[in-house]
Amino acid sequence: MTYPTPSSRVLIYSHPFRAVPLNFSAACFVGALATDIAYWRTAEMMWTNFSSWLLAAGLLLGGIAAIGGIADFATGRLPLRAGIGLLYALGNLAVFVLALFNAFVHSRDAWTSVVPTGLTLSAVTVVVIVINAVLGRMVQRQFFEDAA
């Protein structure tokens, strides 16, 4: 009688260093879009202040995620050799630059800080985040296929 030999290979799943701050950063940018829409509909200055703080928090967390992304690239958790990985990294950079310009627009006074430029930048940032989330899943799938 023959018995199957168990494999000694173990793949332990671990989250990339950039995952948590990147997700919270994206949540802040989506929140900034929501508060921009609320300001556009109500003209209540409180929503502009919320947008500015959410953009600042998202940029701070995005910077921390960028440091984590560099660490992931250095440790081999972020494969950039394929086109998808490079597109994912450029998408993250695009989100950061769009949000930075949005923060500069939101530093203006009153109505012009949100309508129409700030609201448009917030919407474009969220669209790029959604596209980048799909690319991020593809990069992670590629990483696990290469590791297995």
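What follows is calculated from the coordinates using simple rules that are stated; it is not laboratory data. Note that the structure is predicted; figures quoted are calculated from it, not measured. As a convention, Cβ positions derive from the backbone with ideal geometry for all residues, glycine included, and neighbour counts pool all protein chains shown.
Most fluctuating residue of Gly68, Gly83, Gly136 in a GNM of the chain with Cα springs under 10 Å: which is it?
Gly83
Report the normalised scattering of region 19-147 as log10 I(q)/I(0) at q = 0.12, 0.14, 0.23 Å⁻¹, calculated by the Debye formula with identical scatterers on the alpha carbons.
Each listed q maps to, in turn, -0.46, -0.60, -1.24.
Give me the angle, in degrees from 0 to 90, between the Cα long axis of helix 83-106 and the longest principal axis of the Cα atoms of the chain, rounded to the nearest 10.
The two axes meet at around 20 degrees.
Please list the non-local residues whose amide H lies under 5 Å from the amide H of Leu78, H modeled 1.01 Å from N, same-chain partners needing a gap of 5 or more.
Phe73
Helix-only estimate, please: 222 nm mean residue ellipticity of the chain, summing -39500 (n - 2.57) across DSSP H runs of length 4 or more and dividing by its residues, to the nearest 500.
After summing the helix terms and dividing by the residues of the chain, the value is -26500 deg cm²/dmol.
Between Ala74 and Ala123, what FRET efficiency comes out of the Förster formula 1/(1 + (r/R0)^6) with R0 = 41 Å and r the beta carbon distance, rounded to 0.05?
Working: r = 34 Å, r/R0 = 0.83.
About 0.75, to the nearest 0.05.
Are there trypsin sites (Lys or Arg not before Pro) in region 72-148 that DSSP marks as loop and that have at most 14 other Cβ atoms within 10 Å, and which are they? Write out the running numbers ahead of the final one.
Values: sites: Arg77, Arg81, Arg108, Arg137, Arg141; in loops: Arg77, Arg81, Arg108.
Sites meeting the loop and neighbour criteria: Arg81, Arg108.
On C-alpha positions alone, give me the angle between the axis of helix 45-75 and the longest principal axis of the chain, in degrees, nearest 10.
20 degrees
Can you tell me the FRET efficiency between Arg41 and Asp109 if r is taken as the Cβ-Cβ distance and R0 is 22 Å, rounded to the nearest 0.05? Working shown, then result.
Numbers: r = 19 Å, r/R0 = 0.88.
Approximately 0.70, to the nearest 0.05.
Can you sort Thr120, Thr125 from fewest to most other Cβ atoms within 10 Å of each residue's own Cβ?
Fewest-to-most Cβ neighbours within 10 Å comes out as Thr120, Thr125.
Please check: in the Gaussian network model of the chain (C-alpha springs, under 10 Å), which one of Val134, Val105, Val95 has the largest mean-square fluctuation.
Residue with maximal mean-square fluctuation among Val134, Val105, Val95: Val134.
Take Val30, Val114 and order them by how many other Cβ atoms sit within 10 Å, fewest up front.
Val30, Val114
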